[in-house]
Every structure is written in structure tokens, then in C-alpha cells.
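As C-alpha cells, the structure follows; a few thoughts come after it.
Computed from the coordinates by the stated procedures, all read-outs in this text should not be read as laboratory data. No experiment lies behind these values; they were computed from the predicted model shown. Because the Cβ atoms are built from the backbone with ideal geometry, glycine has one as well, and the counts that use them run over all protein chains shown.
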Amino acid sequence: MRIDKYLWCIRYFKTRSIATTACKKGSVRVNNDIVKPSRDVYPGDTIMVRKNQIDYSLEVLDLPESRLGAKLVDIYRKDTTPKEAFEKIELLKYSKDYYRKKGVGRPTKKDRRDLEDFTGADES
């Protein structure tokens, strides 16, 4: 089975064309080799997929006939993604919440007070 079709069947990508694009960009590796979308996958292969700043690691257990329901996915793949990858995403969420995007507007009164508390500025 083709790698793009396999990733679509086990629900790592919403459409097969998105899976194909990810393969073309080099976000998918099979046994540590960057692969084209037409590369065949066999049971026992190790797949690494970079998606949403997480490096997912999968082991192919079996090949499905067609796209699966979410409850049946674990029959065909074993997820070996380390937990540190998900913890790193949580830390990124917290760091992004604090910073204001450029052009969002003036700081609010609460933002000013928080900055003064942080910097220890005199409240005169």
C-alpha cells in the first residue's frame, strides 16, 4: 500500500491529497528515509510524520483495506511517539498566550499593571 494512502487510511491526514503534499515536502520518513508518496509500506516499517510541530512515530502492524473508523486504527498501527513531544507543544501554547501580536492594539490597563508589577516600577 502507498504511504500517502496508508496515512490517510489510519486517519493521520484528513484527505489523501494532504498526505501526498506532506510526503512531497519531506515531512514523512519510512525507516529514516525521506520518501515519495508512491513508496510502498509493509508491516514492520517505522514511519515518522512531522505534523503540527510534533514528530509522530508509528510502527506499521498491518495494512487496512480502506479508510478506518477511529476506533479501529490501533489494530493497524502502533504509536511510539515519545511523551516529551506532546509536553513541548503544551509549553509552546503557554509561551504564545502571553505575547501580544503586532498590530493588536494598545495594552489594556490590566496589561499595564501586570508590567508594572513585573518590572517593579513605582506607582506614582
Against the longest principal axis of the chain, how steep is helix 83-98, in degrees 0 to 90 to the nearest 10, with axes from Cα atoms? 30
Which whole-number percent of Cα pairs in the chain have a distance greater than 27 Å? 39
Within straight cross-link reach of LYS88, meaning Cα distance under 20 Å, which aspartates and glutamates are found once same-chain residues fewer than 8 apart are removed? ASP55, ASP79, ASP97
Please arrange ILE75, ILE18 by how many other C-beta atoms lie within 10 Å of their C-beta, fewest to most. ILE75, ILE18
CD proxy at 222 nm, helix term only [per DSSP H run n ≥ 4: -39500 (n - 2.57); per residue of the chain; nearest 500]: -10500 deg cm²/dmol
Mean separation of Cα contacts under 8 Å, 6 or more apart, over the residue count of the chain: relative contact order %: 19
Most fluctuating residue given options ARG106, ARG29, ARG16, as computed from a GNM of the chain linking Cα atoms under 10 Å: ARG106
Unsatisfied cross-links (Cα-Cα over 28 Å) in the set LYS5/LYS83; LYS14/LYS36; LYS36/LYS78; LYS36/LYS93; LYS14/LYS78: LYS36/LYS93
